[in-house]
1. Which value, in debye to the nearest 20, gives the size of the charge dipole of the chain about its Cα centre, when Lys and Arg are +1 and Asp and Glu are -1 at the Cβ?
2. Give the residue from Ala355, Thr21, Leu119 lying farthest towards the positive end of the charge dipole for the chain; charges sit on Cβ (+1 for Lys and Arg, -1 for Asp and Glu) and the dipole is referred to the Cα centre.
3. When ranked by the protection proxy of mean other Cβ atoms within 10 Å per residue, highest first, what sequence do the peptides 187-194, 50-57 form?
4. Given charges of +1 on the Cβ of Lys and Arg and -1 on the Cβ of Asp and Glu, with all other atoms neutral, how large is the dipole of the stretch 206-363 about its Cα centre, in debye to the nearest 20?
5. I'd like the trypsin sites (Lys or Arg not before Pro) in the stretch 273-363 restricted to DSSP loop residues with at most 14 other Cβ atoms within 10 Å, sorted by number.
6. For the stretch 166-245 and the stretch 47-88, what is the centre-to-centre distance using only Cα atoms, to the nearest Å?
7. I'd like the chymotrypsin sites (Phe, Trp or Tyr not before Pro) in the stretch 62-113 restricted to DSSP loop residues with at most 12 other Cβ atoms within 10 Å, sorted by number.
8. For the chain, what relative contact order do you get, as a whole percent, if you take Cα pairs closer than 8 Å and at least 6 residues apart?
Amino acid sequence: MGLPDPAGALALIKPSVRAQTAYTLQAPAARRKLNQNESPYDLPAALKHEIMARAVALPWHRYPAFMPDALQQRLAASYGWQADGVLTGNGSNELIQATLAVTLDAGDRMVAPSPTFSLYRLLAGVFGARYVGVPLRMDFGYDVERIIETAVRERARVIVLNSPNNPTGSALPEGAVARILAATDALVVADEAYQDFGGPPAIPLLATHARLVVLRTFSKALGLAGLRFGFLLAHPAVAREIAKARLPYNVNAITLAAADVVLDHPEIRDEHVRTIVETRECTIARLAALPGITVYPSAANFLLVRFRTLPARRVFQRLHGDFGILVRDVSASPELAECLRISIGTPDDMDACMAALTDILEG
């Protein structure tokens, strides 16, 4: 039996939602996965056993803590802020959604660098707001003055600053967030998902700027992408308002236990970050020596590479089909024409990727 015609139901969906392209990602199986900016290093088995022991001891038939106060205290201490200005989330994506839900009304303007993380454009459209992209410079560096001029002209309600920026890897220059806060009246959302790998942090500005919201995640440097944990730092009064848009009991008990255990071992994060940054810098130098490509500066755990002599789509297909290496094809965007984004994996992953690219470009 066929399904009914959905036209009537679809007519009830907001036009601003129907106009958006959904956030999707196809991730075919590959021997080397370098497409989602994950940590290439899993947690040590001993830590996983410790997490599971804590999880097993919990009452699974009860809801987790509505507000995980002890964990928020630990996050506050670790990141130099106040516990009542910390919100935890099911990944930082949930907190992006909650922040925009409590700030953007239909017709409001949100200013963001372009290109940047596509979820911001999608959610702005869902809430009926107008997304105003500010082009990055030719080398994908931030044009801070143009962001300020655009935000003032558009009377922006929200300014999004991803630093380091996804998918370009570019970081804001020192002092840029303070300049933008001083020159505008908007809520400034500093998305620092990749800040462990480079760039100046915005967290020190929280003590003097109530219009600043900082987002962090455990999915990248801390290696918990599969458990989904993020947190937000803001003035306590602002955090209380954003909390109204989170779902109740939004972070499960096992993830809360995992975040607590990971905070006990900052040395593991530091070791992994150091290795990833060293591998990134070595890979940049090696890529720069290959013919027919441009590799852009990156402060993140990934690199943006533009192919000048071969179509990026063909390189993507050969990397996956011939060598079992999955990267991210971002070349459909006009700003990223002929570009691929390559996550930094283990040194062995990057050796394999370099060998494959050398074969493709020089073969």
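The values are calculated or read from the model by the stated rules, or taken from the named source; none is laboratory data. Keep in mind the model is a prediction, meaning the values are calculated, not measured. No Cβ is skipped: glycine too gets one built from the backbone with ideal geometry, and neighbour counts run over all protein chains shown. When the accessible area is computed, the model is the full protein with side chains, heavy atoms only, and any ligands, DNA or RNA have been set aside. Shrake-Rupley method; radii C 1.70, N 1.55, O 1.52, S 1.80 Å.
1. Numbers: 36 positive and 36 negative charges, 179 e Å.
I would put it at about 860 debye.
2. With unit charges placed on the Cβ atoms, the residue in question is Thr21.
3. In decreasing order of mean packing, 187-194, 50-57 become 187-194, 50-57.
4. Values: 18 positive and 17 negative charges, 165 e Å.
Once rounded to the nearest 20, the dipole reads 800 debye.
5. On the way: sites: Arg274, Arg280, Arg286, Arg306, Arg308, Arg313, Arg314, Arg318, Arg328, Arg341; in loops: Arg308.
Hits after loop and neighbour filter: Arg308.
6. Answer, in whole Å: 20.
7. In loop regions of the stretch 62-113 (DSSP not H, G, I, E or B), the sparsely surrounded chymotrypsin sites (Phe, Trp or Tyr not before Pro) are Phe66.
8. On the way: 645 pairs, mean separation 79.0, N = 363.
This gives 22 percent for the chain.
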